[in-house]
Amino acid sequence: LTSTRALPDSTHVFRLAFPPAQNVTWKSINFKTVLTWGPAPTANYSYTDGEGPEKEPHCIKTSQTQCDLSSSMSDLRTCYTAYVVSEPPEGAPAELMEYPHTKAPRFCPDQDTVILSPSFKLEVDLDQSTTTVHITDPLTAAFKHGHRLTIRDVFGEELEYKVTYWRNKSTGKKKVTSPSNLVELKGLDRGQSYCFQVQALVRSREPHSQLGSSARPSAQYSVVVIAGAVLLPLLVVAGLIAVIVICCRRKKKEQRTEKAQAQNVL
């Protein structure tokens, strides 16, 4: 079994008789943070993961080789150190005061978590001169007061978005960065097919981790096609209104005819 603890860098734990964990690493995506290690323990020992100055334990005496610490990292702006401690399995007597441990690399959630590409939608204005990219802030695994946080909630004004776009099958790419969730692109050629890609950008992070991950291009549209997708619902609504107006006029005409016929009978 395994236990994990996140401790101050100054904490000293002595290596003793149980095999220590190996390859202790962090895996974190949108603040869902998992500590992993190996190898899988035998029946003679287990792992425990702990964190904090008091060595608060997590995944106590587990036979797994990972521990989800997302919920324990309430302060996303601080850094954590974790230890994976090798100790007797559940039910076995504890013979030592301290057991062998392996220290994980220092982990800072706001600096080290990988930010996935956000989802987005495209909109073209009626004269097809401007294409607007509507970006949705990605959700994270972090919560505050019962509310699930978005990337924007965590980084605030530090968060920007980088939009890369290019004509399909072309190598020439254009890039635009914006602090807003609405990014306007001008000068796209009508009738040409374009590819779009959006990444999060946090300039307060270290240079190598400022950009979020880049997914494959999520859309390939021509300006005419996008405009058509926007205009089609409007045309449908306009058609329905026209049908309703025609029906109302016919109904009124029929009512007037019936009224005139009734008066003639009288």
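The values are calculated or read from the model by the stated rules, or taken from the named source; none is laboratory data. All values derive from a computational prediction rather than experimental measurement. We place every Cβ from the backbone using ideal geometry, glycine too, and count neighbours over all the protein chains shown.
For N23, are the conditions met, namely being on the phi > 0 side of the Ramachandran plot, surrounded by fewer than 15 Cβ atoms within 10 Å (Cβ to Cβ) and modelled with pLDDT of 90 or more? Criteria met by N23. Elements of the type strands (runs of 3 or more DSSP E) sitting completely within the range 103-181 and holding at least 1 residues that are in contact with a strand residue (DSSP E or B) (Cβ under 8 Å, 6 or more places away or on another chain) and under 11 Å from N30 (Cα atoms): these cover 139-144, 147-150.
The residues of the range 182-201 that are in a strand (DSSP E or B) and not aromatic (F, W, Y), listed by number, are L182, V183, E184, L185, K186, S193, C195, Q197, V198, Q199, A200, L201.
For the range 181-211, a tally of residues being more than 24 Å from R167 (Cβ to Cβ) and in contact (Cβ under 8 Å) with a residue 24 or more places away in the chain returns 8.
Every residue, every condition in (1) surrounded by fewer than 19 Cβ atoms within 10 Å (Cβ to Cβ); (2) hydrophobic (A, V, I, L, M, F, W, C); (3) outside the structural domain of Y45 (by TED's automatic domain parsing), yes or no:
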| position | (1), (2), (3) |
| --- | --- |
| K61 | no, no, no |
| P105 | yes, no, no |
| H134 | yes, no, yes |
| P138 | yes, no, yes |
| L159 | no, yes, yes |
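Only residues that are surrounded by 15 or more Cβ atoms within 10 Å (Cβ to Cβ) and either closer than 13 Å to N44 by Cβ or at pLDDT below 85 (or both) were counted in the range 63-96, giving 5.
Scan the range 103-119 and tell me whether some residue there is farther than 30 Å from P88 by Cβ and free of Cβ contacts under 8 Å to residues at least 12 places away in the same chain. No, the range 103-119 contains no residue that is farther than 30 Å from P88 by Cβ and free of Cβ contacts under 8 Å to residues at least 12 places away in the same chain.
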